[in-house]
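Below is one structure; the comments refer to it alone.
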């Protein structure tokens, strides 16, 4: 089962994402901010498969700090950065640092919860593929 961490300082958004992902059959944990999220990431065993985090919480770089913590714990964790204040510079920085995706919460005419559900499924597929590739490479290396 996919293990997901949802991080957002807005309780209503956090709860709505949690409900949607649980409806999709995922194991979901939540955190209300950067500090709590990083503590959960460090303590998680097994690690999270996917982390969805708001960009701006305690600081303008909260999302980047969570991204860094998640990838330091497990390089295969897929991190999606969510923001209400999207801009190209933030999106580029997140992607350069290894984010799976960058999603604006307020896209006119789009149900962002449907979009997040689709993106999480894509992230899980990418994670599975990456882990399987590493396993195959390990088997090949052992057989040499």
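Each value in this text was obtained by applying a stated rule to the coordinates, not by laboratory testing. Here the structure is a predicted model, which means the values were calculated and not measured. Methodologically, a virtual Cβ is constructed for each residue, glycine included, from the backbone with ideal geometry; neighbour enumeration extends over all protein chains shown.
Quick notes
- Pairwise label distance in nanometres, residue 141 with residue 111, each label 7 Å out on the Cα-Cβ vector: 4.4 nm
- Label zone of residue 10 (point 7 Å out along Cα→Cβ, amide N under 15 Å): in region 83-99 this covers 83-87.
- Residue 89-residue 132 pseudo-label distance in nm [points 7 Å out on the Cα-to-Cβ vector]: 4.1 nm
- Highest average first, the peptides 121-131, 44-54 ordered by how many other beta carbon atoms sit within 10 Å of their residues are 44-54, 121-131.
- Take every Cα pair under 8 Å whose residues are at least 6 apart in sequence, average their separation, divide by the length of the chain, and the relative contact order is 20 percent.
- Dimensions (Å) - the chain, Cα atoms, principal axes, largest first: 53, 30, 29
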